[in-house]
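Working notes, structure below.
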Amino acid sequence: MKNTQLIRVVILLFSLAIFNSCDVGVEPLDPALVTTDDNNNECPQPTNFVASNFINNSVNLTWNPGNNETSWQIEYGLSGFEMGSGTKVISTNTSMTIANLVSTNSYDFYIKSICGSEVFGDSYGPITVVPVNANCSNPSNLTVVRNPTNAALATVSWTAGGNENAWEIQYGNAGFIIGQGSIVQASSIPKIVDGLTNGSYSFYVRAKCSATEYSNWVGPVNLAAVSTGGTGIVGNYLLTGFTSSVPIDINGNGTSSNNVLSETVCYNDLKLILLANNSFALDSKGTDIVFEVVNGVEIESIECYVDPVETGTWVLNGNILTLTYSDSTTDNYTYNSANNTLKATVSDGTIVGTTDQGGPITLTTDLTFTFTKQ
């Protein structure tokens, strides 16, 4: 009888031990944010996992490493998807843009650290990005122009997507993560943004259709930094010097000259405008050979031409000004800047002249341009 009681006590103690060992650590503190994987004891979770709102049907993700891991796996899909069935992407940076989403859908995002071959940490998530309102249309044609006389001001303009009358502008240092910028409310178009530095910025805009309804963020549009040479380079310039290394006779008076401006009026009042937003506008005018038939005889002559204004962007490094034309077929021009003048020399340029017999001809020569600030 005593032996039977002893066996019962041993069985009871053994059962209690099994029950207690299975009850420890079964449920994590926050099961909605942790999904346990194998081999993760030394592979910590990343922290501060954040998703932006929709930006042109994309979402920006950012996070901090849990320790010294250098790669992570993102898994995402429509809200409520079963983990393992989503789209998986790998990042070696602590930020990633997920593109080609549908902004009227809701998405869940998970992240886990990768600490070695087939060694993953616990998944963190989901974080959910809710859809934008399909009835709140995206604005379009976003532009940003820095004030030519006050670099701290910029004019932000756009076209309304519908009949909304409120918008939000978000901006920050060029390339900033959406959600981490400064937000300005706007009730009319355009909107003046104040307090800018001389640095470069990125701008976004979205419609605000109600207190809780927004469109996509539209952008970015980048605003160039003010030149390190200061705003002194900005302004209107006039072509005051134009010379050729080979004497030419454009006016056909029999006397050649290196001074192109004295040979023709075709370049009179030619202007170059440098704007504070690092764009430029340059008059396109000069001389060309034209052909006409008079009494059945083809006659060549030199005439002035005026083409549409050329545009592009400019950069000043030290005293070297570089103009990059919007028309990619036009060569970039480099000028030396000094004492309110800009001077450039083009090797083996072309210009119209005349032959010894007085006929028009295109000559190859070195050309030097001088612009003076007005």
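Filtering the stretch 183-209 to residues that are assigned to a strand (DSSP E or B), among the polar types (S, T, N, Q) and either modelled with pLDDT of 95 or more or open to solvent by 60 Å² or more (accessible area, probe 1.4 Å) (or both) leaves only Gln185. In the set (1) over 30 Å from Ser137 (Cβ atoms); (2) open to solvent by 10 Å² or more (accessible area, probe 1.4 Å), Asn57 fails one condition alone, (1). Summed over the stretch 162-180, residues that are surrounded by fewer than 17 Cβ atoms within 10 Å (Cβ to Cβ) and either assigned to a loop (DSSP other than H, G, I, E, B) or in contact with a Phe, Trp or Tyr (Cβ under 6 Å, 6 or more places away or on another chain) (or both) total 9.
In the stretch 268-278, the qualifying residues are those that are under 20 Å from Thr334 (Cβ atoms) and open to solvent by less than 30 Å² (accessible area, probe 1.4 Å), and the one that is farthest from the chain's Cα centre (by Cα) is Leu270. Would you call Ala151 open to solvent by 40 Å² or more (accessible area, probe 1.4 Å), of a type in the set (A, V, I, L, M) and at pLDDT below 90? When the stated conditions are applied, Ala151 does not pass them. A count restricted to the stretch 97-118 and to residues that are over 23 Å from Ala134 (Cβ atoms) and open to solvent by 40 Å² or more (accessible area, probe 1.4 Å) stands at 3. Applying a threshold of 7 Å to beta carbon distances and a minimum spacing of six or more residues, or different chains, the list of pairs starting in the stretch 253-279 at a residue that is without any contact (Cβ under 8 Å) to a residue 60 or more places away in the chain and ending at one that is of a type in the set (Asp, Glu) and crowded, with 19+ Cβ neighbours inside 10 Å reads Ser257/Glu263.
Count of the stretch 282-293 residues, restricted to those that are open to solvent by 30 Å² or more (accessible area, probe 1.4 Å) and free of Cβ contacts under 8 Å to residues at least 60 places away in the same chain, is 6. Look at Gly235 and say whether it is on the phi > 0 side of the Ramachandran plot and in contact with a Lys or Arg (Cβ under 7 Å, 6 or more places away or on another chain). Criteria met by Gly235.
Note on the stretch 76-134: residues that are in a strand (DSSP E or B) and within 18 Å of Pro65 (Cα to Cα) total 21.
For the stretch 143-163, the candidate set comprises residues that are free of Cβ contacts under 8 Å to residues at least 40 places away in the same chain and hydroxyl-bearing (Ser, Thr, Tyr); within that set, the residue that is farthest from Leu274 (Cα to Cα) is Thr159.
For the stretch 68-89, which positions are β-branched (Val, Ile, Thr) and in contact with a Phe, Trp or Tyr (Cβ under 7 Å, 6 or more places away or on another chain)? Within the stretch 68-89, Ile74, Thr87 meet the criteria.
Mind telling me which of the residues Thr330, Thr334 ends up being of a type in the set (Val, Ile, Thr), open to solvent by less than 80 Å² (accessible area, probe 1.4 Å) and at pLDDT below 80?
Within the list Thr330, Thr334, the selection yields Thr330.
The values are calculated or read from the model by the stated rules, or taken from the named source; none is laboratory data. Fair warning: this is a prediction, and the values are worked out from it, not measured in the lab. Cβ atoms come from the backbone with ideal geometry, glycine included; neighbour counts cover every protein chain shown. To get the accessible areas, we keep the full protein, side chains included, count just its heavy atoms, and leave off ligands, DNA and RNA. Shrake-Rupley method; radii C 1.70, N 1.55, O 1.52, S 1.80 Å.
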